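The values are calculated or read from the model by the stated rules, or taken from the named source; none is laboratory data. Everything quoted here is computed from the prediction, not taken from an experiment. All Cβ positions, even for glycine, are placed from backbone atoms using ideal geometry, and neighbour counts span all protein chains on display.
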Amino acid sequence: MEAAGSRVPLGAAKFVIAACARPAPVGAMHCIVLVKQVPDVSNIPEDAWDREKGTLRRGLLDSVLNPLDLHALTFAKRITAGDPDAKTVYLTMGPPQARDVLIDCLSRAGGEAVLLTDRAMGGADTVATAYSLALAIRRIETELFGGDRNYVIVSGMQSVDGDTAQVPPQLAEDLDIDQIAYAQDVHTEPELKFRRIGAAGTEDVVPKVFPVLVTVTACTDTLYAGFAAARTARSATIHTWSAADVGATADKVGIKGSRTTVYRIFSPSEDRAKQCVMVSDAADLMKQVQAKYRLATGGPAAHEEGAYHLDGKEPTYKGELWILAEREGDGIKSVSLELLGKTRELAAFLGEKVGVVLPCDVAGDLPAELIAHGADVVYAIEHPLLATFSPIPFKTAVAALVNERHPQVMLFGATPMGRELAPRIAYACDSGLTADCTKLEIGDHIKGGNALVGILKQTRPALGGNIMATIMTKDSPTQMATVRPGVFKIPPRDESRTGEIVRITPDLPTDLVEAEVTPVESFVSKVNIRDAKIIVSGGHGIRTRTDFDRLLQPLAESLGDLLGDGAKVAASRHAVEDGYRTHDYQVGQTGQTVAPKLYVAIGISGAVQHVSGMQMSDTVVAINKDPRARIFNYADFGIVGDLETVVPQLTRAAQEAK
Amino acid sequence: MDGIDILIVGAGPAGLGAAIRAKQVAKEAGREISVAVIDKAPAPGNHVLSGAAFEPAVLDDLLPGWRDVRHSFTDTMVPVEREDMMFLRSKSANRIPEKILPARMHHTGDVIISATRMTQFLAEQADKLGVEIYHGYTARTLVVEDGAVKGVRLAEVGLRADGSPKGNHIAAEEIRAAVTILADGVNGVVSRQFSSQFGDGANPQVLSLGMKAIVQFPEASPFGNNRVMHTLGYPMTPSTFGGGFLYSLGEKTVAVGLILGLDWKYGDLNPQREFETFRAHPYISRLLKGGITVATGAKTIPEGGIASIGALSAPGGMIVGDGAGFVNMEKIKGLHYAIRSGMGAAETAVAALGENGAVGPLDAYREKLEAAGVLKDMRHARNYRQVFAKGGLFVGTPLSLVSAAIPKQLGIHRDGAATKKGARLDRPDPGRMDGATFVALTGTIHREDEPSHITIKDPATCVSCEADFANSCTHFCPGQVYRWDGAKIVLSPSNCLHCMTCTVKCPALNIDWVPPEGGEGPHYKQL
């Protein structure tokens, strides 16, 4: 059964939520679960690849419910369980067939659903999507919850097609509500409490203001759809709303409302092709590896992007290029310095200055440190509320500065803080944001009749890492992007550099009601695979935990002995899922980016999610049973064979070569 | 929700044919009946695999105007305009003149289709008629009470590999219906329970394993369009029943396959290696030159014929399709019989549905099959497979031409008993696609942390199997599920292709196979 939306002219309907503190909630806690229909990138048929164009034929992929959304709905069920008055509404924005994922959700957990569908909404980026969903949520609150503001919006952290994790924080920004990211668990007695992964460790958060938005990790045993429940779901209520039904304005939805645009899609292997030498003899391989290792310069391989020259052309954007600096202990986080180095390079192409925004309580020596690493201007925003990270005060302070000074570029580290903060700042500054960039360049682009000059081209993986996309910002005052730690190099320190320090005291609301946060367990990563010069990494091709240990550890040790450097064992995501190692050891898009002098990939297929985390390694050796494994495209040396046979042979060869 | 009038287990051609027909017949009679179909596969067609050179007349009867519906099924269907039967030796190929082949084996009027795509098409049509189709539900047990079929029980879901329940555990659900039609395919678990309970065939069911690949070409394929080719001889030895095929699926797509009777005698015969050996034959590889394999699959075919078919109906239940055994070996065809049997069962079911869930007898099903000509064809082919089983290639082939005239029904041995102690094929590796890649291209996926759906009943039995039969499961499984670690069999059940070979081919009948929880297994899209 579907309840049709009422006919409201575009722009006339307004469902406004007043953002203000309220007393502790009584009565039922409802849930709105955000879900999305995405291509099934876990199972890509061979003929879906257009090898000529280097793209994926999305039409040949099955459509499924985004995997993290299964966790979101299971998580939401925990919040509402046991309360017959608690309502659950699944919300999705998509084409008419997105209805299927709503039925899927209803089959698993019951409730009601809203399909927000309108041709005008097609092609939306995260900004336009957040805007549209926020309007739908306002209507759900008014109509389906009767104005009751006791609800939690639950969302998976990201969707596998875009992989940006930007919609939930931008939605929170539009609704002017708080967000609790990286939630792993929830308790409802004696009060609603979420356990999440914070920047320094796990913490418990008791929200005091509702509604609140929660994004979840893959933290549950996801609910199945029982047969009886699936039959019942066929007659569940699905409301279908159009853009007009939620009061959306035409210029803020779909392509028109988007602030970024994808202008190129290509195959990841284009990005960094190596010529793999296939070897069959272990001793021979050891000799070649040793020789190459001695020649290696060490550290992350230099970027080979060419320089850009303005040549007197009029650039499309004017203004400084900024980064947001994150503090770590008494110093600056490495990723901020890495970004500073890259921004120096980009700014030089355009003849512009580099600015660093430093939100803090007391700046101390840090501005000088930043200037020594390349900043021309340091904007030290000082306020007691900025002592430790909290999205709303930080966003308010930084967005105000950006809106005042109009930098042309703003970069953030894709850290836990960056991933929560950057989307909110971008939304508050009406600017496009591209997440997890692996490459940043200045370039020109002709689009239609328009020539765009000296713009920031932002490249990142998408569709579960199966394709690479290059993105440009559009209709925005500032081009914003986040970049993962380890992609760029920390620039050398230069004491002689000079720069300006601008001190700013922001106007922050004093009545912000904070959630109650209790640290549970801090993690200083005892395992730091990022520092290792030699990494021996194991993947899904290894059958058991015992095999993983007995095959990899001796190889790592013998290579370390032979080459005279520290060696560590690491794991692909599959191997971590198999329980061979914990997440600290994970290399890849959802793990760590490493750039050792030698990376040995054992039983790793070479999916781009993994490769993007290790492709900056100097020398890569791949061992795999499958001669067509993609890893060989990223390897300098390869052996095709049974892991159980080859790896011990290599270990022996390394021992004998010493 | 109301109860279910007709429950159909299996959303393949037989099951969906039954579902569509049931809705049509009810509508003609001005009645509203609920028809629900369940299937263990994640999506329509994912577990359906066939050649296929298809006789389309059955669809003209079931869905008039179907040829005009735009769908990947109808778009990729091609009429047969040229056919060849080849006899291969290791380096040569000779055409067998058409005149020698009986009319039944000619493919005039056939169309070449993807059975997977046909299933997707049928699912869409069934959905339009109001059939409820539920994918991702595995039926494990037939529910019988007081001698009548009441429905099925599903697999329980949400267990860890050690059998302990996870937070999302759902106990085995029961689905009850007035009439249950079992369409769970070759060697289907519930169909076999039906046969055990209500009457097995006189002969055991015997199977062939088909290995198949879809090959795509950048330009027109050397094989050409609108063509079917069957081969005999190489790589099979005379004692191994089987043959190869190449079917055009358009200018740039060829379906290639090798079918092997599971009564082969060699303990070390690896059908995937045999398939690659076939593809490496100079004549075949020339026809496939420049092509890239984009999809693979493996599944068995029931070949025992009418003597292996037992009771067709019981109070409250009927069996249809490959699960019943309606494959005509003379034509090597089963798809249109599957659909016809589904239609017959549906008509019988609707007619038997009375007021208030009462169900009359379902014996009329047999008459429907008779009227549709299904049983007549099956009777004609009743000794076809048997003469090859008894005589091998050189005796079987000429005998097969007159097999219909043999006055008595020949018996047949079960497949697993045919493996001979010490018999080895020692096939060299042709060095082409390896087993792991073959498995990868089927798209098969299972949850890793779930109880194994495959069990070795008595591991001690496997020890003597090493010398006797080379641990034949480690060779015959196209999914590379079985590995011998020197002392015992180690399983990788997540590789399973649900082809149904292992329970039948193990010489000691030492393997137990149940379908895993729903939504797993291969992801065939165009096979």
| Are any residues in the stretch A:33-92 more than 13 Å from chain B (Cβ to nearest Cβ), surrounded by fewer than 17 Cβ atoms within 10 Å (Cβ to Cβ) and within 16 Å of B:Lys525 (Cα to Cα), and if so, which ones? | A:Arg58
| message | Please go through (1) of a type in the set (Ser, Thr, Tyr); (2) under 18 Å from A:Gln170 (Cβ atoms); (3) surrounded by 22 or more Cβ atoms within 10 Å (Cβ to Cβ) for A:Ser390 and return the number of the only condition it doesn't satisfy. | response | (3)
| task | Tell me which residues, restricted to the stretch A:583-599, are more than 20 Å from A:Ala414 (Cβ to Cβ) and out of contact with any helix residue (DSSP H, G or I) (no Cβ under 7 Å at 6 or more places or on another chain). | result | A:Pro596, A:Tyr599
| message | Cβ-Cβ distance below 9 Å, separation of 6 or more or different chains: which pairs start in the stretch B:152-172 with a residue that is within 10 Å of chain A (Cβ to nearest Cβ) and on the phi > 0 side of the Ramachandran plot and end on one that is assigned to a loop (DSSP other than H, G, I, E, B) and surrounded by fewer than 17 Cβ atoms within 10 Å (Cβ to Cβ)? | response | B:Gly158/A:Asp221
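So is A:Pro25 farther than 28 Å from A:Gln158 by Cα, assigned to a loop (DSSP other than H, G, I, E, B) and at pLDDT 75 or above or not?
Taking the combined requirement at face value, the residue does not satisfy it.
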| query | Looking at the stretch B:425-455, which of its residues are acidic (Asp, Glu) and within 14 Å of chain A (Cβ to nearest Cβ)? | reply | B:Asp429, B:Asp434, B:Glu448, B:Asp449, B:Glu450
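Just a yes or no: is a residue in the stretch A:447-465 touching a His at 6+ places or on another chain (Cβ under 7 Å) and either within 30 Å of A:Ala570 (Cβ to Cβ) or surrounded by fewer than 16 Cβ atoms within 10 Å (Cβ to Cβ) (or both)?
no
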| said: Condition check: out of contact with any helix residue (DSSP H, G or I) (no Cβ under 7 Å at 6 or more places or on another chain), touching a residue at least 24 places away in the same chain (Cβ under 8 Å) and acidic (Asp, Glu). Does A:Asp178 satisfy that? | reply: no
| note | Among (1) within 14 Å of chain A (Cβ to nearest Cβ); (2) at pLDDT 95 or above, B:Asp458 falls short only on (1)
| Is one or more of the residues making up the stretch A:189-196 modelled with pLDDT under 95, more than 14 Å from chain B (Cβ to nearest Cβ) and either assigned to a helix (DSSP H, G or I) or closer than 30 Å to B:His135 by Cβ (or both)? | no
| task | Among the residues of the stretch B:37-54, count how many are of a type in the set (Val, Ile, Thr), over 30 Å from B:Met105 (Cβ atoms) and in contact with a helix residue (DSSP H, G or I) (Cβ under 7 Å, 6 or more places away or on another chain). | result | 1
| remark: Contact list, first residue from the stretch B:284-311 and within 14 Å of chain A (Cβ to nearest Cβ), second anywhere and among the hydroxyl-bearing types (Ser, Thr, Tyr) and part of a strand (DSSP E or B), beta-carbon distance below 6 Å, six or more apart or interchain, is none
| remark: A careful count of residues in the stretch B:413-424 that are in contact with a Lys or Arg (Cβ under 9 Å, 6 or more places away or on another chain) and either within 13 Å of another protein chain (Cβ to nearest Cβ) or modelled with pLDDT of 90 or more (or both) gives 5
| field | Elements of type strands (runs of 3 or more DSSP E) contained in the stretch A:406-511, each with 1 or more residues being modelled with pLDDT of 90 or more and touching a Pro at 6+ places or on another chain (Cβ under 7 Å) | value | A:409-413, A:433-437, A:450-462, A:500-504
| task | List every residue pair whose Cβ atoms lie under 9 Å apart, where the two residues are 6 or more positions apart in sequence or sit on different chains, the first residue falls within the stretch A:494-508 and is within 15 Å of A:Leu340 (Cα to Cα), and the second residue, located anywhere, is of a type in the set (Gly, Ala, Ser) and in a loop (DSSP other than H, G, I, E, B). | result | A:Asp494/A:Gly374; A:Arg497/A:Gly374; A:Arg497/A:Ala375; A:Gly499/A:Gly374; A:Gly499/A:Ala375
| note | Taking the stretch B:229-242 and the residues there that are of a type outside the set (Phe, Trp, Tyr) and within 20 Å of the chain's Cα centre (by Cα), the one that is surrounded by the most Cβ atoms within 10 Å (Cβ to Cβ) would be B:Gly242
| note | Taking first residues from the stretch A:624-642 that are more than 14 Å from chain B (Cβ to nearest Cβ) and second residues anywhere that are charged (D, E, K, R) and assigned to a helix (DSSP H, G or I), the pairs with Cβ under 9 Å that are 6 or more apart or on different chains are A:Asp636/A:Lys292; A:Phe637/A:Lys292
| message | Out of everything in the stretch A:606-630 that is modelled with pLDDT of 85 or more and surrounded by fewer than 23 Cβ atoms within 10 Å (Cβ to Cβ), what residue ends up being nearest to A:Pro485 (Cα to Cα)? | response | A:Thr619
| request: Scan (1) under 18 Å from the mean Cα position of the chain (by Cα); (2) outside any strand (DSSP E or B) for the single condition B:Thr277 breaks and write down its number. | output: (1)
| task | Please verify whether the stretch B:469-480 includes one or more residues that are over 21 Å from B:Lys420 (Cα atoms) and surrounded by 16 or more Cβ atoms within 10 Å (Cβ to Cβ). | result | yes
| remark: Taking the stretch B:380-423 and the residues there that are polar (S, T, N, Q) and buried (at least 18 other Cβ atoms within 10 Å of the Cβ), the one that is farthest from B:Ile332 (Cα to Cα) would be B:Thr419
| request: Run A:Ser572 past the list (1) under 28 Å from the mean Cα position of the chain (by Cα); (2) in contact (Cβ under 8 Å) with a residue 40 or more places away in the chain; (3) buried (at least 19 other Cβ atoms within 10 Å of the Cβ) and report the number of the one that doesn't hold. | output: (2)
| field | The one condition in (1) more than 30 Å from B:Ile6 (Cα to Cα); (2) more than 14 Å from chain A (Cβ to nearest Cβ); (3) surrounded by 21 or more Cβ atoms within 10 Å (Cβ to Cβ); (4) of a type in the set (Gly, Ala, Ser) that B:Ala213 fails to fulfil | value | (2)
| remark: Among strands (runs of 3 or more DSSP E) entirely within the stretch A:198-250, at least 1 residues that are within 30 Å of B:Pro165 (Cα to Cα) and more than 14 Å from every other protein chain (Cβ to nearest Cβ) occur in A:201-206, A:212-216
| When you scan the stretch B:231-255, how many residues do you find that are out of contact with any helix residue (DSSP H, G or I) (no Cβ under 8 Å at 6 or more places or on another chain), part of a strand (DSSP E or B) and under 16 Å from B:Asp110 (Cβ atoms)? | 4
| note | Within the stretch A:157-177, restricting to residues that are among the small types (Gly, Ala, Ser) and at pLDDT below 95, the one that is surrounded by the most Cβ atoms within 10 Å (Cβ to Cβ) is A:Ala165
| query | Residues of the stretch B:481-527 being within 14 Å of chain A (Cβ to nearest Cβ), closer than 21 Å to B:Ala155 by Cβ and β-branched (Val, Ile, Thr), which ones? | reply | B:Val481
| field | Hits in the stretch B:204-246 - residues which are under 30 Å from B:Arg424 (Cβ atoms) and among the basic types (Lys, Arg) | value | B:Lys212
